[in-house]
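The structure appears right after this line, and notes come after that.
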Amino acid sequence: MFKQIFPLSSIVALRFFGLFIVLPVLSVYALEMEGATAFLAGVVVGGYALTQALFQVPFGLMSDKLGRKKTLLFGLIIFIIGSVICALSDDIYTLMLGRFLQGAGAIGSVVSAMIADLVKEEQRAHAMAIMGGTIAMSFAAAMIIAPIVGGNWGIDKLFWLTAILSLMAIGILFTAVPQPPKIVHSYAEEESKMIDVFKDKSLTRMYITFLFHSSIMTMAFFIIPLVMTQSLADGGFGWEKAELWKVYLPAMIFGLLSMGPAAVFGEKYGKGRQVFMVSVAVIFLGFIAMGYATSPWLFIVGVVLFFIGFNMFEPLLQSFVSKFAKVHQKGAALGVANTFSYIGIFLGGLLAGYVMDHYDRGALALMVAILSAMWFVWVMTMPNPNNRGNVYLPLDIFDREKVAALTEHEAIVESYINETENIAVVKYEKDLIDEDEVRGLLS
């Protein structure tokens with residue numbers, strides 16, 4: 001499995017590295033541009049999330065219809081063009097255009113769908129954890145490399161670096177990423193419409209969970225550097241920006257360590273919903289600590305708690321969406337989920353900015369506490385995707401037509417053919433039937 005997933009994870013990590021590496025210095029760079037204002041600089045920093053939100057679903061649909069690899073290539077080329085425009089820009093509007101194009105190469109949902117194609121559901125959380133881990137490492141590397149490269153050779157070199165790394169990602173795509181299996185399903189065209197990914201209540205619950213998750217993440221990344229670097233008179237702790245690694249490093253370490261147990265309990269032991277509930281509770285405690293801390297060390301404890309709760313979601317979110325979605329919907333459903341995620345990033349930034357502008361971090365913590373309570377109730381009533389199982393049937397033994405007819409049974413969710421491996425896959429409700437009974441229906 002690792003050989004299949006690591007190349008895809010590397011592509012995502014390289015792309016996210018390109019987005020992350022400019023974040024520590026981009027606002028300062030943007031304000032130095034011709035025609036710049038604070039508002040336009042803010043659009044430059046967060047604008048990629050807007051185009052990410054707009055293009056996640058089109059890219060997901062494109063990958064379902066035209067193929068994953070072609071779609072990934074198209075998205076990476078757009079990202080490279082955006083990076084080059086950013087590197088060459090000398091006014092705020094050109095820089096803004098480049099950032100919008102960087103976000104328009106929205107391949108995140110396509111990679112997740114491709115992982116879902118290549119990996120059996122029982123291994124999917126582990127696969128998503130590998131991808132999440134590589135993204136987390138790219139974030140950590142970006143935080144260290146950005147000030148060194150940007151400070152010594154110019155911030156435009158960061159954009160050239162992202163373009164070069166994206167070219168490397170294209171090389172990985174065509175040399176190391178395996179071809180997805182050829183899937184044959186019986187869904188009619190009218191069953192494959194976009195509206196179908198909203199008909200499943202379980203999928204809709206996951207979309208809203210993505211919205212909560214990303215919006216609260218943005219609020220955290222807004223408040224952490226602001227409070228730590230503000231003067232004591234302004235309610236901060238007066239740290240230098242160069243010292244922020246002391247906050248992020250332990251938080252990232254604990255966050256990464258939390259992903260393994262979350263994946264194990266969520267997948268192996270079927271406790272995904274419970275993992276989500278614990279995660280929300282830990283995020284709640286983290287924000288309370290950050291909102292009302294009177295010392296920097298208590299504030300850092302809050303940051304660590306937030307990272308733990310946030311990262312516990314990471315190996316399960318994409319996996320759960322791909323499990324709830326039917327075989328012909330994976331790209332579209334993951335596209336919708338990621339769209340909600342990027343909308344959350346945008347809304348979280350707006351809310352955090354407004355609250356901190358008019359009130360204080362205690363008010364922001366209170367707002368997040370209220371959102372967390374709503375979020376907790378939301379996930380508490382969510383069905384567990386582990387209640388569904390899969391049977392893998394070799395087609396040299398089982399008849400295709402009989403397999404297709406299984407969908408008429410109330411306990412069978414769907415069936416489809418993996419032509420590449422010459423097997424039929426039958427998804428069933430564990431509460432209604434077991435694997436032996438599924439096989440018995442074909443006798």
**Item:** Label-point gap, in nm, between I148 and D357 - each point 7 angstrom along Cα→Cβ
**Value:** 3.7
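For the stretch 297-443, with only Lys/Arg (+1) and Asp/Glu (-1) charged at the beta-carbon, what is the dipole magnitude about the Cα centre, in debye rounded to 20?
Numbers: 10 positive and 17 negative charges, 112 e Å.
Here the size comes out at about 540 debye.
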**Complete:** Rounded to the nearest Å, the spacing of the alpha-carbon centers of the stretch 78-118 and the stretch 380-441 is 39
**Asked** Which value at 222 nm does the chain reach when only helices count, each DSSP H run of 4 or more adding -39,500 (n - 2.57), with the total divided by all residues and rounded to the nearest 500 deg cm²/dmol?
**Response** -24000 deg cm²/dmol
**Request:** Find which of V247, L226, P261 sits farthest along the positive direction of the dipole of the stretch 212-345, computed with +1 on the beta-carbon of Lys and Arg, -1 on that of Asp and Glu, about the Cα centre.
**Result:** P261
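Dividing the convex hull volume of the alpha carbon atoms of the stretch 376-439 by its residue count, what do you get in Å³ per residue? Could you put the intermediate results ahead of the total?
Numbers: hull volume 6.1 nm³, N = 64.
Output value, Cα hull per residue: 95 Å³.
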**Request:** Please go through the residue pairs K65/K323; K70/K402; K271/K323; K268/K323; K69/K201 and name each one whose alpha carbons sit more than 26 Å apart in this structure.
**Result:** K70/K402; K69/K201
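Assigning unit charges at the beta carbon (Lys, Arg +1; Asp, Glu -1) and nothing else, what dipole magnitude in debye, to the nearest 20, does the chain show about its Cα centre?
Here the size comes out at about 400 debye.
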**Prompt:** Label-point separation (nm) for N390 and A233, each offset 7 Å from Cα along Cα-to-Cβ?
**Reply:** 6.1
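When the Kirkwood hydrodynamic radius is evaluated over all pairs of different C-alpha atoms of the chain, what value in angstrom, to one decimal, is obtained? Display every interim value, and only then the final one.
On the way: mean 1/r = 0.0440 Å⁻¹.
For the chain, the Kirkwood estimate is 22.7 Å.
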**Choice from Q179, Q102, Q230 showing the highest fluctuation, given a GNM over the chain with Cα pairs closer than 10 Å** = Q230
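About its Cα centre, how strong a charge dipole does the stretch 10-109 have in debye, to the nearest 20, once Lys and Arg get +1 and Asp and Glu get -1 at the Cβ?
Numbers: 6 positive and 5 negative charges, 131 e Å.
With only Lys, Arg, Asp and Glu charged at Cβ, the dipole is about 620 debye.
Quick note: the coordinates plus some simple rules give every number you see, no bench work behind them. Since this is a predicted model, take the numbers as computed values, not measurements. All Cβ positions, even for glycine, are placed from backbone atoms using ideal geometry, and neighbour counts span all protein chains on display.
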